[in-house]
1. Can you give me the number of residues within segment 33-51 that are in contact (Cβ under 8 Å) with a residue 24 or more places away in the chain and either closer than 20 Å to ASP72 by Cα or in contact with a strand residue (DSSP E or B) (Cβ under 7 Å, 6 or more places away or on another chain) (or both)?
2. For residues that are small (Gly, Ala, Ser) and farther than 20 Å from ALA111 by Cα, tally how many sit in segment 1-27.
3. Could you please find all residues in segment 7-23 being touching a Phe, Trp or Tyr at 6+ places or on another chain (Cβ under 9 Å), assigned to a loop (DSSP other than H, G, I, E, B) and aliphatic (A, V, I, L, M)?
4. Hey, which of the helices (runs of 4 or more DSSP H) in segment 24-109, taking only ones fully inside, have at least 3 residues that are under 17 Å from ALA1 (Cα atoms) and either modelled with pLDDT under 95 or open to solvent by less than 40 Å² (accessible area, probe 1.4 Å) (or both)?
Amino acid sequence: AVIDACLGALALGDIGSHFPDDAPEWEGADSKELMRSVTGLFQEKGWQIGNVDVTVIAEQPKLAPWIGAMRDSIAGLLHCAVEGVSVKATTHEGLGELGAGEGIAAMAVAALQPLSKGDER
């Protein structure tokens, strides 16, 4: 979801257009490596993360104990301050497949800002 949000912020398509799931070279790919690649792409184009907001929808597991670590990890991958990363979790209140615990969903939105001089990483 974060990768799609970052790509979408610059109208660069979606994760599938950059890393097709039917391409053998991406089979079993580490999502952290994909995020690093996308971070490099938007930085090459002169942009950096202003902030990213992520919502995970899951009945189980309860994510509260891991939210801090998730924020730290995402901030590190995006080369931004942890204060610019929001991660929250919610349930689907028993409704539909998500509410029945048959899956997990995530949504994200990213705001990019022009890369400042000296901010290249």
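The values are calculated or read from the model by the stated rules, or taken from the named source; none is laboratory data. These figures come from a predicted structure and were not determined experimentally. Here the Cβ positions follow ideal geometry from the backbone for every residue, glycine too, while neighbour counts run over all protein chains shown. To get the accessible areas, we keep the full protein, side chains included, count just its heavy atoms, and leave off ligands, DNA and RNA. Shrake-Rupley method; radii C 1.70, N 1.55, O 1.52, S 1.80 Å.
1. Going residue by residue through segment 33-51, those that are in contact (Cβ under 8 Å) with a residue 24 or more places away in the chain are 34-36, 38-39, 41-43, 45-51.
Imposing the further condition that a residue be either closer than 20 Å to ASP72 by Cα or in contact with a strand residue (DSSP E or B) (Cβ under 7 Å, 6 or more places away or on another chain) (or both) reduces the set to 34-36, 38-39, 42-43, 46-51.
Total satisfying the criteria: 13.
2. To start, the set of residues in segment 1-27 that are small (Gly, Ala, Ser) comprises 1, 5, 8-9, 11, 13, 16-17, 23.
Then keep just the ones that are farther than 20 Å from ALA111 by Cα; that gives 16-17, 23.
Going through segment 1-27 one residue at a time, the tally reaches 3.
3. Correct list: LEU10, LEU12.
4. Working: elements: 31-44, 67-78, 96-99.
Per the criteria, 31-44, 67-78.
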